[in-house]
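K.L.:
Quick one: structure below, then a few questions.
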Amino acid sequence: MNERDERNEIADENVFEQLQFESQQETRIPEELNLLPLRDAVIFPLLRAPIAVAREQYVKLIDDTVTQSPERVIGIVTQRDRETEHPGPSDIYGTGVAVTIRLMGKHQDVTNLLVLGVQRFQIQQILSDTPYLRARVKLIDDAAQAAEADALDIEALRRQLNSVWSKIVELSPEMPEEFKGIENEPRPWVLTDLMAAHSRLATSEKVVILETLDLKERMTKLLGLLSREAQVLELGASLHSQAAGEINRHQREYFLREQMKAIQRELGEGDDRSQDLDELRSKLDEALLPPDAQKEADRELGRLERMSPGSPEYTVARTYVELMAALPWSKWTDDTLDIPAVKAVLDEDHFGLDKVKDRILEYLSVRKFKTEGTARQPILCLVGPPGVGKTSLARSIARALGKEFYRLALGGVRDEAEIRGHRRTYIGAMPGQILQGLKRAQTNNPVFVLDEIDKVSSDFRGDPSSALLEVLDPEQNNSFRDNYLDTPFDLSRVLFITTANQLDTIQSALRDRMEIIEIAGYTEEEKVAIGRQHLVSKQINEHGLTPEQLTFTDGGLTALVRGYTREAGVRSLERQIAAVARKATREFAEGRIEPIIADEAQVTLYLGAPRFEFEELRDRESIPGVVTGLVWTPVGGDTIAIESIRLESGKGELQLTGQLGDVMQESARIALSWVKAHLGPLGIAPEKLTEGALHIHVPAGATPKDGPSAGVTMVTALVSLLTGKPIRERLAMTGEVTLTGRVLPVGGIKEKVLAARRAGVTTVLLPERNRKDLEEDIPADLRAGMTFYFVRDVGEVLQLALEPSPKPKKIRVKESTTGIIPVPVSAPTSPARMKHPEGTRRLRASPQSRSATCP
């Protein structure tokens, strides 16, 4: 059975073309009627309509009506939802039309009827709904209602309806001419029904007219609907005229081009050029350019058509038009908005990095609920040491979102034209890398990675960082103008992700436009997990082995992390895993059959003695004047030794070595000034400074060092040297010091704490204002086994850091007009029993409880 047979609808008129109608006679309508629901059709009184009935229960309704009722009267109603297969009482409208079956023809799958509408009715009560609907109805006398209405109002409405109907018939060429005769109908209720039945109103609107019982109200509603239809037809006629004009113009251009081709053939020019230009025009049409870009492309293509192929400008114009056709003006990919699926992909590709993953999931959640307007694309800047997975994370984001991926390396870029392109007046001009990347991605909403944005430099050719200001500004990049393209291109749909190792070298205005997400170095446990989940399987596969042949234990991976790598990321770890895999591959190539277990002993056998050990920290702890400091480097945190000695010769000079930057040299001078100002409270003889010289050195002299965070370390080193007190065992510190002895917060707390943990430090002194950084960025399990003291001034630092002298003294802090002055009093025997002065806080993580407590 075809689609038409599956529904009750108004049949084609030609089904009954050969039949002759009887003259209408007075029909008696019973109070109870069998109801036949129609889909998308409305029958009005006094109108003839063919109907095709295919549903089985309604074929039975027709048979029962014809055989049981001599009047052959049924009720026609309209379904509320055309998809309802078996409508019940609530699925039909309450007003219908009683019709008589004038003719009937049966076929194999369908029964065709010709019915004549008799009178409106309202359903009073549903008597039965099986096998079909049967109801008690109330008939509506339209003539009686017309007699009760205001004759003047009815006449005015009738004239208005006739006027609008004439306009509709005139603007509708497909409407038969005989429909104009409707205007001559004298009965206003019949006129209204005829116009409603033969107009293009929607089914729901026709139902409204049918259900409106008051004649004046019915005519008013129909007038409003027909007036709207007339306005639509007038607008359509106007648009048709405009379109016809455009078609005529295009036809004229077509004939002119054909004539041009004929002239070119007469001149001996081949058809290949014409074919190429036609292909270019077709590509431009398919690209769906914005109006401004389309105008520029048409102008350049017109120049190209008039230009000789031998002209020097021909190649320039052709290259420009090809770029316009190749750019993804209207091509994009649909984002994957399944949040759990995206999270699963991100977790599968990368271990940790929760901040970036959460930000991407938040962005997708907004996209999922913001269905109207344009969703603002975030401009993310992933900042962290090398090897932590910034670029690979961006690639994973593209895979999770179902977007195309493109990466642009900015390291060493110093020409502004690399971003904005060259003007076409220059020889060899090209568009910028932004547009070239979108051209290669073939979509206007890819994940576009600007890698190493902190390595951008500038020279006489311009500043690429300034050119990026427009690219990475969501308020401006919707109209990015490349110098070569010279027309706006919308970059607002692009998801830009930048990567950097440090923020200091990024232009401040550019940094302000990006959402900074810092990615710290991995902990030892995280590196082992990453190696186990990602790196081992990758290297085993790349070296042609199977997991059964080579297996890494957690002990073996831990040995690689501790003894053979010292980095924030995992690149060196991957290289060491590859080295072990190469050794194993060679053994199998030489005939080995037994599988290899890469445990700690096997790793040492393959790679030799560990390169990095942590004995140095214990070796220097008992020497007065040597203090362990915590520093941040572009590759993660590290520990350094601040060494100081006193020279007998000299007159109070201060020597600084170790490639110290200006800020670090200032920190050393501040430290010395503070010590000089507090010689008495510290118990230091003045001649130790006036007679002789001091020398401060920071080892690894080939490595440049700078920054203020070594201030407290330098003060402690000088006091330890001049008092002869060594530093407490396994203690490290960081913090900026002021001339009055206050300790200011510093950055890179997570990297520094991880470096201290790797070096075996158990006690860490941090500025009080860095408490939040420790608690937010360092999980409790990583703080286990370490004690953290938060200090506000140098006096607290010295109390906690220095071992007691033979005559025990400690430093107590009191306020004075010149600042905070430490005063010597008796010292405790160990930090664990110390009564902390006002402002000192101690955070100790119990190995048993594995959680931080603050007594």
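K.L.:
Which is in a helix (DSSP H, G or I) and open to solvent by less than 20 Å² (accessible area, probe 1.4 Å), of 753, 743, 764?
P.N.:
After ruling out the rest, the residue left standing is 753.
K.L.:
Would you tally the residues in segment 68-98 being open to solvent by less than 70 Å² (accessible area, probe 1.4 Å), closer than 18 Å to residue 28 by Cβ, touching a strand residue (DSSP E or B) at 6+ places or on another chain (Cβ under 8 Å) and of a type outside the set (Val, Ile, Thr)?
P.N.:
Residues in segment 68-98 being open to solvent by less than 70 Å² (accessible area, probe 1.4 Å), closer than 18 Å to residue 28 by Cβ, touching a strand residue (DSSP E or B) at 6+ places or on another chain (Cβ under 8 Å) and of a type outside the set (Val, Ile, Thr): 4 in total.
K.L.:
Filter segment 101-111 down to residues that are modelled with pLDDT of 85 or more and open to solvent by 10 Å² or more (accessible area, probe 1.4 Å) and give me whichever is nearest to residue 70 (Cα to Cα).
P.N.:
Ranking the qualifying residues of segment 101-111, first place goes to 102.
K.L.:
Related question: Please enumerate the residues belonging to segment 491-504 that are surrounded by fewer than 16 Cβ atoms within 10 Å (Cβ to Cβ) and touching a strand residue (DSSP E or B) at 6+ places or on another chain (Cβ under 8 Å).
P.N.:
Result: 502, single match.
K.L.:
Let me ask something else. Determine whether residue 131 is open to solvent by 80 Å² or more (accessible area, probe 1.4 Å) and within 60 Å of the chain's Cα centre (by Cα).
P.N.:
It is false that residue 131 is open to solvent by 80 Å² or more (accessible area, probe 1.4 Å) and within 60 Å of the chain's Cα centre (by Cα).
K.L.:
Among (1) closer than 30 Å to residue 774 by Cβ; (2) out of contact with any helix residue (DSSP H, G or I) (no Cβ under 6 Å at 6 or more places or on another chain); (3) not in a helix (DSSP H, G or I), there is one condition residue 696 misses while meeting the rest; what is its number?
P.N.:
(2)
K.L.:
Now for a different question. On the given criteria, is residue 565 touching a strand residue (DSSP E or B) at 6+ places or on another chain (Cβ under 9 Å), within 21 Å of residue 601 (Cβ to Cβ) and among the polar types (S, T, N, Q)?
P.N.:
no
K.L.:
Among the numbered criteria (1) farther than 16 Å from residue 739 by Cβ; (2) more than 45 Å from the chain's Cα centre (by Cα); (3) open to solvent by less than 50 Å² (accessible area, probe 1.4 Å); (4) not charged (D, E, K, R), which one does residue 671 miss?
P.N.:
(1)
K.L.:
So, one more: Name the pairs whose Cβ atoms lie under 9 Å apart, with the first residue in segment 410-428 and under 9 Å from residue 484 (Cβ atoms), the second of a type in the set (Phe, Trp, Tyr) and in a helix (DSSP H, G or I), and 6 or more positions between them or separate chains?
P.N.:
Cβ pairs passing all conditions: 424/320.
K.L.:
I would also like to ask the following. Taking only pairs six or more apart or across chains, which ones have beta-carbon atoms under 8 Å, a first residue in segment 679-701 that is hydroxyl-bearing (Ser, Thr, Tyr), and a second residue that is not in a helix (DSSP H, G or I)?
P.N.:
Listed pairs, sorted by first residue: 690/651; 690/652.
K.L.:
Let me ask something else about it. Quickly run through segment 343-364 and pick out the residues that are more than 19 Å from residue 533 (Cα to Cα), open to solvent by less than 50 Å² (accessible area, probe 1.4 Å) and over 11 Å from the mean Cα position of the chain (by Cα).
P.N.:
356
K.L.:
Sort out which residues of segment 438-478 are under 9 Å from residue 492 (Cα atoms), open to solvent by 50 Å² or more (accessible area, probe 1.4 Å) and either modelled with pLDDT of 85 or more or out of contact with any Asp or Glu (no Cβ under 7 Å at 6 or more places or on another chain) (or both), and write them in order of number.
P.N.:
Within segment 438-478, 475 is the sole residue that qualifies.
K.L.:
Pick out the one residue from 183, 174 that is closer than 20 Å to residue 44 by Cα, modelled with pLDDT under 80 and charged (D, E, K, R).
P.N.:
183
K.L.:
Turning to a different aspect of this structure: For segment 486-514, how many residues are at pLDDT 85 or above, of a type in the set (A, V, I, L, M), assigned to a loop (DSSP other than H, G, I, E, B) and in contact with a helix residue (DSSP H, G or I) (Cβ under 8 Å, 6 or more places away or on another chain)?
P.N.:
3
K.L.:
Report, by residue number, each residue of segment 767-796 that is open to solvent by less than 10 Å² (accessible area, probe 1.4 Å), touching a Lys or Arg at 6+ places or on another chain (Cβ under 9 Å) and part of a helix (DSSP H, G or I).
P.N.:
Once the filter is applied, which keeps residues that are open to solvent by less than 10 Å² (accessible area, probe 1.4 Å), touching a Lys or Arg at 6+ places or on another chain (Cβ under 9 Å) and part of a helix (DSSP H, G or I), segment 767-796 yields 774, 794, 795.
K.L.:
For segment 321-435, please list each of the helices (runs of 4 or more DSSP H) lying entirely inside it that holds at least 3 residues being closer than 23 Å to residue 479 by Cα.
P.N.:
417-420
K.L.:
Residues of segment 268-283 being at pLDDT 65 or above, out of contact with any Asp or Glu (no Cβ under 8 Å at 6 or more places or on another chain) and not basic (Lys, Arg), which ones?
P.N.:
Residues satisfying the conditions are 274, 275, 276, 278, 279, 282.
K.L.:
Shifting gears a bit: What about residue 239, is it modelled with pLDDT under 80, of a type in the set (A, V, I, L, M) and at negative phi?
P.N.:
Yes: the conditions hold for residue 239.
K.L.:
Report every pair of residues separated by at least 6 positions or lying on different chains whose Cβ atoms are under 7 Å apart, first residue within segment 44-63 and over 14 Å from residue 110 (Cβ atoms), second among the basic types (Lys, Arg).
P.N.:
Every condition considered, the pairs that remain are 45/120.
Yes/no matrix, rows are residues, columns are (1) closer than 27 Å to residue 399 by Cα; (2) not basic (Lys, Arg):
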{"site": "302", "(1), (2)": "no, yes"}
{"site": "307", "(1), (2)": "no, yes"}
{"site": "319", "(1), (2)": "no, yes"}
{"site": "326", "(1), (2)": "yes, yes"}
{"site": "336", "(1), (2)": "yes, yes"}
{"site": "352", "(1), (2)": "yes, yes"}
{"site": "355", "(1), (2)": "yes, no"}
{"site": "363", "(1), (2)": "yes, yes"}
{"site": "367", "(1), (2)": "yes, no"}
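K.L.:
So, in segment 586-601, how many residues would count as being open to solvent by less than 40 Å² (accessible area, probe 1.4 Å) and assigned to a helix (DSSP H, G or I)?
P.N.:
Summing the residues that are open to solvent by less than 40 Å² (accessible area, probe 1.4 Å) and assigned to a helix (DSSP H, G or I) in segment 586-601 gives 1.
K.L.:
Looking at residue 74 and the list (1) more than 59 Å from the chain's Cα centre (by Cα); (2) not in a strand (DSSP E or B), which single condition is not satisfied?
P.N.:
Single failed check for residue 74: (2).
K.L.:
Could you list, in sequence order, the residues of segment 717-747 that are within 13 Å of residue 670 (Cβ to Cβ) and polar (S, T, N, Q)?
P.N.:
738, 740
K.L.:
Continuing with the same structure: Within segment 675-685, is even one residue within 25 Å of residue 766 (Cβ to Cβ) and part of a loop (DSSP other than H, G, I, E, B)?
P.N.:
Yes.
K.L.:
Kindly provide the set of residues from segment 208-218 that are surrounded by 20 or more Cβ atoms within 10 Å (Cβ to Cβ) and of a type outside the set (D, E, K, R), ordered by number.
P.N.:
Those that are surrounded by 20 or more Cβ atoms within 10 Å (Cβ to Cβ) and of a type outside the set (D, E, K, R): 209, 210, 215.
K.L.:
Condition first: among the aliphatic types (A, V, I, L, M) and surrounded by fewer than 24 Cβ atoms within 10 Å (Cβ to Cβ). Now tell me which residues in segment 712-726 satisfy that.
P.N.:
722 - this is the single residue of segment 712-726 that is among the aliphatic types (A, V, I, L, M) and surrounded by fewer than 24 Cβ atoms within 10 Å (Cβ to Cβ).
K.L.:
Of all residues in segment 147-179, which are without any contact (Cβ under 8 Å) to a residue 60 or more places away in the chain and open to solvent by 90 Å² or more (accessible area, probe 1.4 Å)?
P.N.:
Hits for segment 147-179 are 148, 152, 159, 170, 173, 174, 177, 178.
K.L.:
Which numbered condition in (1) among the acidic types (Asp, Glu); (2) surrounded by 16 or more Cβ atoms within 10 Å (Cβ to Cβ); (3) more than 27 Å from the chain's Cα centre (by Cα) is the only one that residue 335 fails?
P.N.:
Residue 335 satisfies all of (1) among the acidic types (Asp, Glu); (2) surrounded by 16 or more Cβ atoms within 10 Å (Cβ to Cβ); (3) more than 27 Å from the chain's Cα centre (by Cα) except (3).
K.L.:
Which of the residues spanning segment 41-60 are farther than 20 Å from residue 119 by Cα and crowded, with 18+ Cβ neighbours inside 10 Å?
P.N.:
Scanning segment 41-60 gives 52, 53, 54, 55, 58.
K.L.:
Ok, one more. Considering only segment 647-665, how many residues are touching a residue at least 40 places away in the same chain (Cβ under 8 Å), part of a helix (DSSP H, G or I) and either more than 18 Å from residue 794 (Cα to Cα) or open to solvent by 50 Å² or more (accessible area, probe 1.4 Å) (or both)?
P.N.:
Selection size over segment 647-665: 2.
The values are calculated or read from the model by the stated rules, or taken from the named source; none is laboratory data. Source: prediction; values computed, not measured. Ideal geometry is used to build each Cβ from the backbone, glycine not excepted, and the neighbour counts take in all protein chains shown. These area figures cover heavy atoms from the full protein model, side chains too; ligands, DNA and RNA do not enter into them. Shrake-Rupley method; radii C 1.70, N 1.55, O 1.52, S 1.80 Å.
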